[in-house]
Every structure is written in C-alpha cells, then in structure tokens.
Amino acid sequence: MRIGLNGWFWGAPEVGSGQYVHHLLEALMRVAPEHAYTLYLPGALPHALHVPVPAGVQVRIVRTPFDHHFENLAKVWFEQIGLPRAAEADNVDVLHVPYWGSALKRRVPTVVTVHDLIPMLLLSYRGGPLVRLYTRLVAMSARRADMVLTDSQASRRDIRRYLKVPKERVRAVPLAVDTMYQRVKDQERLEYVREKYRLPDRFLLYLGGFDQRKNLVTLMQAYAALVYMAKEEKEKGNTSEAAFTIEDVPLVIAGRLPTRDTRFFPNPRRIVRIFRIDSYVRFIGWVDEEDKPELYTLAEALVFPSLYEGFGLPVLEAMACGTPVIAANAASLPELVGDAGLLVAPRDVEGLAEAMLRVLQDTELREELSRRAMKKARKFTWEEVARATLDAYQWVVENTIP
C-alpha cells in the first residue's frame, strides 16, 4: 500500500496528537516496512521540517498561501485543500489524518483519528465562534471519511451517537505508552528524582492537567475528608499505623499550574486554601518526561477522578510503572483500568476518600493492584496499535469505491 500521513503535529511532542503520530509512524515502520509511507509536512510550521523521520519514510512539504502569516488559516487550507491535492497527485492508496481534521471533500480514501468529542460534548470546551465553526467543519468531514479511528469503546459510542457514523466505519484502537514507562528498580534514580522534586517517603499523586473536566475540586474535597478521618482516628486514641501515617502522606500535584484562576482553569492553590489542607498538599511543578517513571514508581497511588477522557494516558503510564490507580468510573477509564485499579463515581467525595484510605492502609492491596496494573498495561503496545491501524487501512482500500 501507498500510505500517506498528515504531519501537522510532527515535531510537537508536548501535545497528544504529536506523540500519537510519532509513535504510530515509528511502529508502522517496525511492523510493516514493506509499505510505502509519505509524511506530509506543512510549510507553515518550519520547525517540523527539521525533525528526523524514520528511515524509509518519504517527506513531502505542502505549502499554502498563508504560510508564515496566518497559522490558523494555513492549517485549514493545509487540511482541506493542500493535503488532499498532494495525496491525490501522489496516488496514495489511503491517507491517514491522525487528529480531528480531515477534509470535507476527500480526494483519496481517508482514515481520520478522532481521539474524543470533548469540543462537542462539554459546553465549556466549545470555545468562541471560530472554534465552534471549525468543530462543525471537522465533524462534517469525519462523517464523510471512509474510516474513523478512536481511542476507546466509550469514544466509539460517542462518535456513533453524535457524528452518526455507521458502526462498520468506526473502530476503537486503544493507545499505548512508550517502553520507558516501567517500574523503576534503580535506587539511585529513585533517590535522584525524590530529591529533585523534594518528595516525601509516601505520597499520593495527581498528574494530568488542570482544566475543568479533570475534577480537581472533588479530588481536593476527598483528600480533605481523608485528612479529617486521620485526625479523628488519632483523637479517639487509635494507635494503628494508619492513624499516624495517613495525615503524613501528602497529596502531590504535578504539572505547570494555570497562570490565571478561571472557571475553565481553576487554580488548585485556591481550592486547597478553601478546604484548609495547605499543609497537606505539595505542588512540585512541571515534571520532566524522563523523570515520570520514577515519580510513578515512588507514589503510593495515582488518583485520577477525571469526568471525561477519550483514553487516559497518565493512567496507563502509571499502570505500566506498577502504580496503584484510583480513577473515576466515567467515560473510557473503566475499560482502561478494569480490575487493575479502584474505580469510584466521579462526584463521590466519600467514596474517593475511602478508596485512598484503603490503598494507604492495605499493603497487600497495593501489591495486588500493582501486579494487576503491570499485567494489564503490557497488553497496550504501539505494535498492536500499528497492526490494528494497518487493518483499518486495508479495509478502506478494499471497501472504498473509487
């Protein structure tokens, strides 16, 4: 097959779509190097032109009238006009757009990856008039694509319901994480990361962004309830290990905090003050990618009460490192976590507090969840993502009428 890939997010590892296209293309070359691959890069983003591509991949630059002047217009022109024309001229068998941005008028058989429908389903994420117009455009385009790929069965159900895509033209292809995510046994590396971020001996971890759907208010409220429970036990004279250690296990919040406190990006520091848990919560700021496996390994558990995820990469990263996971029983998270973690209704403050308490008190539970998490995480590989994606390409080639 002659396979073309939209490379708008090539060289952008800081965003999910950038990580996806890099890992996918590299895995495709490992799994099926016999096919011909062309990566179409936008002239509007010159930095992408200097990012190495896997050996054997052809690169073609697609320019637009708006390059270097109006990036948003250049992006739409690239997606709707420039890329389809280039793919048609190259006579590709299938064109893959690895993010929600395929062409309304397709010129070649097209596969589009729609990671989630957040801009459609969550009111706060719909943006201004231009963003809503773009969302309508790509929604119509996705309906006309020959195949829609998405990250989970939950997102597949949303796509079938809201985009009205027939079931045979939408497939769930779960994501994977880099092989660097595994339980760290190197004590020097663990101590280095502990000192670098000033981490205590025991802590609960949150990592995963600060926008509204991440449900940080519920997390803080539940942690405040946990602290109260620990204090109450001590006041009753309970001398069990849990009574003395739970309140000494801080909640560590990783990531760059919002620059402004808004309804869409509520500042966690304000929330912490509201619940009077300032002395129990630590903000460690941005964590370098290479330090994340150690961070996950050191944590007692990852707490991830998100209201909506198309997949939930931080959860899979933690699972691959053998970190017990406490997650919301919402959207894609139940199918990702399964019985390898503890699932709680996303607004259940008491249930979330009790889940944290169980993990902190029960060593055997932590060890069992760790084993289950690593076992399940091993099923998610980029090679499997590539094979499933190739199967979708083949289906499109065989079932698309010229």
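The values are calculated or read from the model by the stated rules, or taken from the named source; none is laboratory data. The structure presented is a predicted model; accordingly, all values stated were derived computationally and were not measured. So basically every Cβ, Gly included, is an ideal-geometry build from the backbone, and we count neighbours across all protein chains shown.
Values computed for the structure shown
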quantity	calculated
3 or more residues under 22 Å from Ser141 (Cβ atoms) and either within 27 Å of the chain's Cα centre (by Cα) or in the same structural domain as Phe311 (by TED's automatic domain parsing) (or both): qualifying helices (runs of 4 or more DSSP H) within the stretch 1-96	16-31, 71-77
Test set (1) buried (at least 22 other Cβ atoms within 10 Å of the Cβ); (2) not assigned by TED's automatic domain parsing to the domain that holds Met29 - Ala345 fails condition number	(1)
Pairs where the first residue, in the stretch 208-231, is modelled with pLDDT of 95 or more and the second is among the small types (Gly, Ala, Ser) and in a helix (DSSP H, G or I), C-beta under 8 Å, 6+ apart	Ala222/Ala353; Tyr223/Ala353
Test for Gly341: is it more than 17 Å from Leu219 (Cα to Cα) and of a type outside the set (D, E, K, R)	no
Qualifying positions in the stretch 172-207 - in a strand (DSSP E or B) and either free of Cβ contacts under 8 Å to residues at least 12 places away in the same chain or not assigned by TED's automatic domain parsing to the domain that holds Val337 (or both)	Ala172
Scope the stretch 250-275; condition modelled with pLDDT of 90 or more and of a type in the set (Phe, Trp, Tyr); matching residues	Phe275
Residue within the stretch 260-282 that is under 16 Å from the mean Cα position of the chain (by Cα) and more than 29 Å from Ala230 (Cβ to Cβ) present	no
Among (1) in the same structural domain as Leu298 (by TED's automatic domain parsing); (2) farther than 26 Å from Arg183 by Cα; (3) touching a Lys or Arg at 6+ places or on another chain (Cβ under 7 Å), the one test that Val359 misses	(2)
Hits in the stretch 101-132 (condition: of a type in the set (Ser, Thr, Tyr) and under 18 Å from the mean Cα position of the chain (by Cα))	Thr113, Tyr125
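This table checks each residue for (1) crowded, with 18+ Cβ neighbours inside 10 Å; (2) acidic (Asp, Glu); (3) at pLDDT below 95; (4) in the same structural domain as Met319 (by TED's automatic domain parsing).
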position	(1), (2), (3), (4)
Ile118	yes, no, yes, no
Pro129	no, no, yes, no
Tyr134	yes, no, yes, no
Val138	yes, no, yes, no
Ser141	yes, no, yes, no
Ser152	yes, no, no, no
